[in-house]
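I have placed the structure first, in the form of structure tokens, so that the comments after it can refer back to it.
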Amino acid sequence: MAVTIQLPADIEQRLRAKTPDLETELKEAIALDLFRRGKLSHYELSKMLGLDRFETDAYLKRHNVVEGSLTMEDLNEQAQTLDRVLGPVRR
């Protein structure tokens, strides 16, 4: 999905002067806000930002976000990743 934000030209120019990659910063701000409000899981945040689990953890730490419990989706995704990396484990 592509999102377009209309900004007055002078504001856009000022923001771009201070933030060369404005689009990425806005995308990250939206993703982080959705995560904080419980609209995105850890896995979905990782996917949206193109980060692995550990990079996402570091990203959240840099933004002072203390994460609660993992969701079932996160746990299932981690189990699938472990199965791919280590091979199926008998349960």
### Query
Counting only residues that are in contact with a helix residue (DSSP H, G or I) (Cβ under 9 Å, 6 or more places away or on another chain) and at pLDDT 85 or above, how many does the range 77-91 have?
1
## Note on the structure
Filtering the range 4-15 down to residues that are without any contact (Cβ under 8 Å) to a residue 12 or more places away in the chain and either part of a loop (DSSP other than H, G, I, E, B) or exposed (fewer than 13 other Cβ atoms within 10 Å of the Cβ) (or both) yields T4, Q6, L7, P8, A9, D10, I11, Q13, R14
### Task
Go through G38, G68, G50 for me and flag whichever is out of contact with any helix residue (DSSP H, G or I) (no Cβ under 7 Å at 6 or more places or on another chain), at pLDDT 95 or above and exposed (fewer than 12 other Cβ atoms within 10 Å of the Cβ).
G50
### Message
Any residue that is of a type in the set (S, T, N, Q) and more than 11 Å from the chain's Cα centre (by Cα) - is there at least one of those in the range 52-64?
### Response
yes
### Message
Of everything in the range 53-65, what is open to solvent by less than 70 Å² (accessible area, probe 1.4 Å), within 24 Å of V3 (Cβ to Cβ) and part of a helix (DSSP H, G or I)? Give them in sequence order.
### Response
T56, Y59, L60
### Message
Just to verify a result, which residue in the range 16-46, among those that are assigned to a helix (DSSP H, G or I) and of a type in the set (K, R), is farthest from A58 (Cα to Cα)?
### Response
R16
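The values are calculated or read from the model by the stated rules, or taken from the named source; none is laboratory data. The structure displayed is predicted, hence computed values, not measured ones. Heads up, the Cβs are rebuilt from the backbone with ideal geometry, glycines too, and the neighbour counts pull from every protein chain shown. With ligands, DNA and RNA removed, areas are computed over all heavy atoms of the protein, side chains included. Shrake-Rupley method; radii C 1.70, N 1.55, O 1.52, S 1.80 Å.
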